[in-house]
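*Asks:* Quick one: the structure is below, and I'll ask about it shortly.
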């Protein structure tokens with residue numbers, strides 16, 4: 001296992017610095033407060049109530065998915081997906097190494113085997129050619145991750161997966177309201193998984209959603225997320241009592257979380273318009289540095305409309321990345337690192353094939369990528385300050 005040292009600024013034991021330009025801020029106002037108060041005063045705070053129905057309807061309307069089942073987190077949406085597909089011992093699921101641990105842990109919880117593949121250096125998404133090389137007769141699913149709200153090459157990936165009979169579960173945790181060739185991410189594979197964690201564009205502290213256009217998968221998911229019972233049918237008045245039907249867990253969120261999310265969804269156009277404007281400004285202003293070869297910028301595939309969840313750039317190498325990181329934070333700009341490769345993590349290394357080296361592109365991304373502040377209330381002056389700082393550091 002490789003050691004990934006933090007930059008000096010991140011490793012310092014002193015009190016965390018105060019940033020006048022933070023990396024992220026939630027976009028809450030009186031609408032969230034009013035919704036939560038309404039849920040509390042209603043006396044109905046368990047899952048499956050008014051706000052749950054509103055949120056699921058809003059997600060279906062926005063994504064075009066036939067079925068949207070809210071969950072307590074994006075992690076639980078992924079775990080629910082693995083359960084619905086009946087994965088178990090002897091099965092393999094291919095997962096990109098550069099992602100959050102939940103993308104792999106949902107596979108391990110089903111006693112299936114994670115097979116890590118590499119990512120592309122230009123947009124940090126799954127390397128479809130490497131995915132194809134790792135398919136075996138045991139491969140039952142692949143989990144492409146749409147990193148930073150930028151779509152994977154889904155046409156190519158779906159062609160490979162469908163030809164080999166492999167289920168596609170989109171980890172669209174960062175990609176709510178991203179489109180690929182006119183379709184919303186999370187609706188292209190058999191199952192899509194969303195997150196509404198506090199750091200996401202549309203945020204409710206926690207919360208997620210399971211999307212599918214397959215009615216049989218939706219029916220089973222509905223039972224599994226309600227402790228294996230048919231309670232959802234009972235709440236709809238379709239049966240007069242509910243009972244245990246299948247294995248399951250408690251994946252349905254509280255009405256308090258759904259009240260917060262309902263208010264957030266009512267502001268989605270306002271949220272997305274501002275975030276995309278900041279993303280586009282970064283891309284335009286930093287393009288000359290990329291043209292000069294001083295930094296690298298995200299590659300947006302043809303046909304993809306990003307949701308501006310993350311803006312990042314690539315330094316030339318680890319020492320250069322650390323220089324940007326420390327200098328920006330010293331100036332009060334909260335630049336952020338991100339994942340370390342799962343295939344080279346303390347737990348994930350066991351899933352590498354004997355004698356196989358850590359995946360090279362995932363390691364390079366970890367060493368060279370840096371995220372910049374991006375949030376709805378970020379002012380134009382703050383955006384220009386970040387751009388000016390990066391430009392100055394790139395041209396010492």
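*Asks:* As I understand it, the value is the acute angle between the Cα axis of helix 154-164 and the longest principal axis of the Cα atoms of the chain; what does it come to in degrees, rounded to 10?
*Replies:* Here the helix axis deviates by roughly 50 degrees.
*Asks:* Given contacts defined as C-alpha pairs under 8 Å and at least six residues apart, what's the relative contact order of the chain, whole-number percent? All intermediate terms of the calculation are to be shown ahead of the outcome.
*Replies:* On the way: 803 pairs, mean separation 92.2, N = 396.
So the answer I get is 23 percent.
*Asks:* How much of the DSSP bridge set in the chain is antiparallel, in percent, rounded to the nearest 5?
*Replies:* 60 percent
*Asks:* If you line up the long axis of helix 50-63 against the longest principal axis of the chain, both from Cα atoms, how many degrees apart are they, to the nearest 10?
*Replies:* The helix 50-63 is inclined about 60 degrees to the chain.
*Asks:* What FRET efficiency would be calculated for the residue pair residue 317, residue 28, taking the C-beta separation as r and a Förster radius of 35 Å, to the nearest 0.05?
*Replies:* So, using R0 = 35 Å, E works out to roughly 0.35.
*Asks:* Let me ask something additional. What do you get for the angle between helix 318-330 and the principal long axis of the chain? Use alpha-carbon atoms, 0 to 90 degrees, nearest ten.
*Replies:* 90 degrees
*Asks:* A further question on this structure: If you work out Kirkwood radius over Cα pairs in Å from the coordinates, which of (1) 21.9; (2) 20.5; (3) 22.5 do you get?
*Replies:* (1)
*Asks:* Right, something else. If you find the alpha carbon centre of the stretch 45-98 and of the stretch 275-339, how far apart are they in angstrom?
*Replies:* 31 Å
*Asks:* In addition: Per DSSP H run of at least 4 residues, take -39500 (n - 2.57); add these up for the chain, divide by its residues and hand me the 222 nm value, nearest 500 deg cm²/dmol.
*Replies:* Rounded to the nearest 500, it is -11500 deg cm²/dmol.
*Asks:* Rank by packing, highest mean first: peptides 184-194, 61-71, with packing defined as the count of other Cβ atoms within 10 Å averaged across residues. Before the final figure, lay out each step's value.
*Replies:* Values: 184-194: 26.9, 61-71: 20.5.
Ranking, from highest mean packing down: 184-194, 61-71.
*Asks:* Right, here's the next one. By average Cβ neighbour count within 10 Å, what is the ranking of 116-123, 90-97 from highest down?
*Replies:* Result, highest mean Cβ count within 10 Å first: 90-97, 116-123.
*Asks:* Among DSSP beta bridges whose residues both lie in the stretch 30-265, state the antiparallel percentage, nearest 5.
*Replies:* Details: 14 of 28 bridges.
If we restrict to bridges inside the stretch 30-265, about 50 percent are antiparallel.
*Asks:* By how many nm would the segment from residue 292 to residue 45 grow when fully extended, if each residue of separation counts as 0.36 nm and the alpha-carbon distance is taken off?
*Replies:* That pair, residue 292 and residue 45, stretches by 83.3 nm at full extension.
Here, each number is a calculation from the coordinates, and none is a lab measurement. Because the structure is a prediction, the values reported are computed rather than measured. A quick note on method: Cβ atoms are made from the backbone with ideal geometry, for glycine too, and the neighbour counts reach across all protein chains shown.
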